Amino acid sequence: MATLDDKTIADFDEQWTHYSDNEGWYGSLELFRDICAPLIDTDDLRGKAVADIGSGTGRIVGMILKAGARHVYGIEPAEGAFRKFQENVAGMERGSDVTCINARGDDWRVDEPLDYIFSIGVIQFIPDPHPTVQRCFDALKPGGEVFYWLYSHEGNALYLAFIKPLRMLTTRIPHSLLVALNWVLYTILCGYRLLTLVLPLPLKKYLNTVWWPMTPRKRRLVIYDQLNPTYAKYHKRHEAIALLEDAGFVDVRTHHRHGYSWCVSGRKPAA
């Protein structure tokens, strides 16, 4: 019988099969900087060995390469997504500086200690993320840093009141029906975004500075990504901090990005 982990991985396998490109703002260094600031200066990645947990089709890997990392290890467990990831890496400038690893976040190894590990939009989909966080701790060199981006519980009360009941349906329907529903929600959200131009509504900054610059197809992907996975958790700040501290990380810092998500970073103690 499939576990919750298996089901969620299968959900993303199908998702990344249908949404496999990473073009434009969606895969840009500028968006990567928006995600990482103010906790990580992307200029610090130059010449460093970096891993990305839950690489999907390679979006974050491409961003890290653009930031100047010496080598990037991309870890992706879903087999179909992994094949798309390999195809995308083959077409990247400096794709030879990427190692693609088909493994789960708690079960991978590399041949060198890492300077940085990123996991952006992944940890919230792992029912028990602690083994993955511990694997990151073990793979970092002393003084190395980890960075996670997570869904936030704080600041999303109205949104969660809407999305939680809806997910009871969307996690059970086939891809074709979810795509049709996605179009309806996309149209509504575009109208809502127009209202934010004249009213101080929730998610105003995110919709206008992050979501809207994407292509329409990628905007719809962002919606699909909220509705598709079998498991998703919206972390409270203290839970995000505990994830890192329980694994041994120190100097744990958080940033409430655009008021709807948590960025959290930590450092492995020096030897």
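Kindly indicate which of Arg172, Arg253 is among the charged types (D, E, K, R), outside any helix (DSSP H, G or I) and either assigned by TED's automatic domain parsing to the domain that holds Ile35 or in contact with a strand residue (DSSP E or B) (Cβ under 8 Å, 6 or more places away or on another chain) (or both).
After applying the criteria, what remains is Arg253.
Do we have Asp43 as loosely packed, with under 15 Cβ neighbours inside 10 Å and either part of a helix (DSSP H, G or I) or at pLDDT 95 or above (or both) here?
yes
Do we find that Ile101 is of a type in the set (Val, Ile, Thr), in the same structural domain as Phe32 (by TED's automatic domain parsing) and touching a Ser or Thr at 6+ places or on another chain (Cβ under 8 Å) in this structure?
Numbers: of a type in the set (Val, Ile, Thr): yes; in the same structural domain as Phe32 (by TED's automatic domain parsing): yes; touching a Ser or Thr at 6+ places or on another chain (Cβ under 8 Å): no.
Taking the combined requirement at face value, the residue does not satisfy it.
Checking Gln134 against (1) in a strand (DSSP E or B); (2) within 24 Å of Ala270 (Cα to Cα); (3) over 17 Å from the mean Cα position of the chain (by Cα), which single condition isn't satisfied?
(1)
Residue check, Phe162 against (1) over 23 Å from Tyr192 (Cβ atoms); (2) without any contact (Cβ under 8 Å) to a residue 12 or more places away in the chain, all met but one. Which one?
(1)
Please find, among Val179, Val198, the residue that is surrounded by fewer than 18 Cβ atoms within 10 Å (Cβ to Cβ), aliphatic (A, V, I, L, M) and either touching a Pro at 6+ places or on another chain (Cβ under 8 Å) or assigned to a helix (DSSP H, G or I) (or both).
Unique residue meeting the criteria: Val179.
Being within 17 Å of Met214 (Cα to Cα) and in contact (Cβ under 8 Å) with a residue 60 or more places away in the chain is the filter here, so list the residues in region 19-76 that pass it.
Answer for region 19-76, where residues must be within 17 Å of Met214 (Cα to Cα) and in contact (Cβ under 8 Å) with a residue 60 or more places away in the chain: Tyr19, Ser20, Asp21, Asn22, Glu23, Gly24, Trp25, Tyr26, Leu31, Asp34, Ile35, Ile60.
Among the candidates Leu203, Leu221, which residue alone is within 18 Å of the chain's Cα centre (by Cα), surrounded by 14 or more Cβ atoms within 10 Å (Cβ to Cβ), outside the structural domain of Tyr73 (by TED's automatic domain parsing) and under 30 Å from Asp41 (Cα atoms)?
Within the list Leu203, Leu221, the selection yields Leu221.
Could you grab the pairs with beta carbons closer than 8 Å, sequence gap of 6+ or different chains, first residue in region 231-257 and under 20 Å from Pro38 (Cα atoms), second one in a loop (DSSP other than H, G, I, E, B) and charged (D, E, K, R)?
Lys236/Glu154; Arg237/Glu154; Phe249/Lys268; Val250/Lys268; His256/Glu154
Sort out which residues of region 92-112 are assigned to a loop (DSSP other than H, G, I, E, B), modelled with pLDDT of 95 or more and either among the aromatic types (Phe, Trp, Tyr) or surrounded by fewer than 14 Cβ atoms within 10 Å (Cβ to Cβ) (or both), and write them in order of number.
Within region 92-112, Asp107, Trp108, Arg109, Glu112 qualify.
Quick check on this structure: which one of Tyr73, Tyr148 is at pLDDT 95 or above, crowded, with 23+ Cβ neighbours inside 10 Å and over 19 Å from Asp5 (Cβ atoms)?
Just a single option satisfies the conditions, and that option is Tyr73.
Read through the list (1) more than 18 Å from Ser265 (Cα to Cα); (2) in contact with a Gly (Cβ under 9 Å, 6 or more places away or on another chain), then give the number of the only condition that Asp52 fails.
Of everything listed in (1) more than 18 Å from Ser265 (Cα to Cα); (2) in contact with a Gly (Cβ under 9 Å, 6 or more places away or on another chain), Asp52 misses just condition (1).
The values are calculated or read from the model by the stated rules, or taken from the named source; none is laboratory data. Values in this document were obtained by computation on a predicted structure and should not be read as measured data. Here Cβ is always computed from backbone atoms with ideal geometry, including for glycine, and neighbour counts include all displayed protein chains.
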